[in-house]
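None of the figures in this text is laboratory data; all of them are computed from the coordinates on show. Being a predicted model, the structure only gives us computed values, none of them experimental. No Cβ is skipped: glycine too gets one built from the backbone with ideal geometry, and neighbour counts run over all protein chains shown.
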Amino acid sequence: MILTDIMAKRLSLVFLFLSLVCCIQAQDLNARVQILSPQVQNTNKRALEVLQKAVSDFLNNRTWSANVLQPQERIDCSFVITINAWDGSSNFTAQAQIISTRPVFNTSYNSPVLSISDNNFNFSYTEGQLMDYSDQQYMGNLTSLLAYYAYIIVGLDADTFEPNGGTPFYTAAQNIVNNAQNTGFSGWRSMEGTDNRFWLVNNLLDRRYQPIRDFLYSFYLNGLDKMSDNPTDARKAILELLPLLQKVDRLAQGAVFNQVFFTAKSDELIGVFGGMGPQERVQAYNVLAEVDPANANKYENLRTSR
C-alpha cells in the first residue's frame, strides 16, 4: 500500500510537471484556416478537409516565439487558401489571404495589423504526410509558406508592443526566403517581382522603412491603446505621427511594405481621423492622399464630411 501511494504521488508530480511545461510552451497563434476550391471540378472534399486540419495544426500547435502567452493572448489570424487547380494527387495551385489583428487595450475592438494576398501560394501535399519543417533547411513549400507568414504575423504583432520587437521574427522569415531560393516555386526570389515574399521581409528589415515600424508602435502605445481614456488626445497623437509615413513614401514609393501597411490600416485611419475637427481632417487627408494614392478616393470623406 505504501509503495502504491508513493508511485501515485510520483505520477501526480510527473503530470503536474508536464502540464506546467505545456503552459510554458504556449502556442503563439490562434489561426482560423479555411480552404476553398470553387474553381476545381470534382473536388475530393475529404482530402481538402484533411489538408485544412493539417495546416491548422501546423500553425496553432507550434511555438513561433519564446514568449509565454496565456490562451487568450494568442494572436488572432486567419488563412483563407483558395485552390485554383489541383491535379487530383499532390500538386496544388493556390492563392491565400492572410489577416491578423491585435486587441486594443480596454476595448472589445480588434485592430487589423496585417492583410495580405499571396497569389503564388502553390505547394505539394499528399494526404497523411507529415508537415515537416526546419528553420535550418527547406523541407517543402507548404510548411515554408506557413512558417514564413507565421513569423511575419508574430513580428508585426511584436512591433506594436515594443520598439523593433519584430526584428528576430523577420530575420527568421528572411532565413526561410534564403533557404527557398533554389526551389521551383514562385514568390521567393527578388527577380520575380517587387511585391513578393522576398521583398516584403526585405522591406521589414531595411532601415529605410523603419519609420513605418516606429509608426506602428506609437500608433498603439500613444494612440489606440489610450483611446478609451482620452479619445481627443489619442487622435491628436496619431495625427502627429503622419510625418513618419511621409518620410518613408518619399524614400521608397510603391514598396510592398507600404502597400501591405495601408491595405490593413486605411479604413482604420479614416475612422480615427473622422472623429476630429474639419481642420485636422483636412490635414490628415492631405498626408494620406499623398502617401497612399491608391486609396485617395476613400480618404476624400475626411475632407468633405461635416
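Quick notes on this structure:
- For the chain, the mean residue ellipticity at 222 nm estimated from helices alone is -15500 deg cm²/dmol, where every DSSP H run of n ≥ 4 contributes -39500 (n - 2.57) and the total is divided by all residues, rounded to the nearest 500.
- Across Phe262, Phe121, Phe185, mean-square fluctuation computed from a Gaussian network of the chain (C-alpha pairs under 10 Å connected) peaks at Phe185.
- Annotation: amide H of Val33 within the under-5 Å range of Phe79, sequence separation 5 or more or interchain, hydrogens built in the peptide plane.
- Backbone HN-Hα couplings from phi across region 27-39 [Karplus 6.51/-1.76/1.60, Hz, Gly and Pro as x]: 6, 8, 10, 10, 9, 9, 10, 9, 10, 10, 8, x, 9
- Along region 268-274 the Karplus relation, 6.51 cos²θ - 1.76 cosθ + 1.60 evaluated at θ = phi - 60°, assigns HN-Hα couplings of 5, 5, 4, x, 5, 6, x Hz to successive residues, with x for each Gly and Pro.
- Region 217-266 versus region 50-81: alpha-carbon centroid distance in Å: 27 Å
- Residues in region 235-263 reached by a label modelled at Ala296 [backbone nitrogen below 15 Å; 7 Å Cα→Cβ]: 254
- At R0 = 35 Å, FRET efficiency that the Cβ-Cβ distance of Asp233 and Arg208 yields, to 0.05: 0.70
- Full-stretch length increase - Asn119, Gln41 - with 0.36 nm per residue and alpha-carbon distance subtracted: 26.1 nm
- For the chain, a simple Cβ point-charge model (Lys and Arg +1, Asp and Glu -1, everything else neutral) yields a dipole of about 160 debye relative to the Cα centre.
- The C-alpha atoms of the chain define a longest principal axis, and helix 167-179 lies at about 70 degrees to it.
- Dipole moment magnitude, nearest 20 debye, region 199-289 about Cα centre, only Lys, Arg, Asp, Glu C-beta charged: 260 debye
- Computed FRET value (nearest 0.05) for Lys53 with Ala85, which takes r as the C-beta separation and R₀ as 22 Å: 0.50
- Residues Ser305 and Asn61, FRET efficiency given R0 of 45 Å [Cβ-Cβ distance, rounded to 0.05]: 0.45
- Full-stretch length increase - Ser186, Phe105 - with 0.36 nm per residue and alpha-carbon distance subtracted: 25.2 nm
- For the chain, the relative contact order works out to 12 percent when only alpha carbon pairs closer than 8 Å and six or more residues apart are counted.
- Most fluctuating residue given options Ala294, Ala150, Ala94, as computed from a GNM of the chain linking Cα atoms under 10 Å: Ala294
- Entry note, region 209-306: relative contact order of 25 percent, from Cα contacts under 8 Å with a spacing of 6+ residues.
- Highest-fluctuation residue, Asn178, Asn119, Asn230 considered, GNM on the chain with Cα pairs under 10 Å: Asn230
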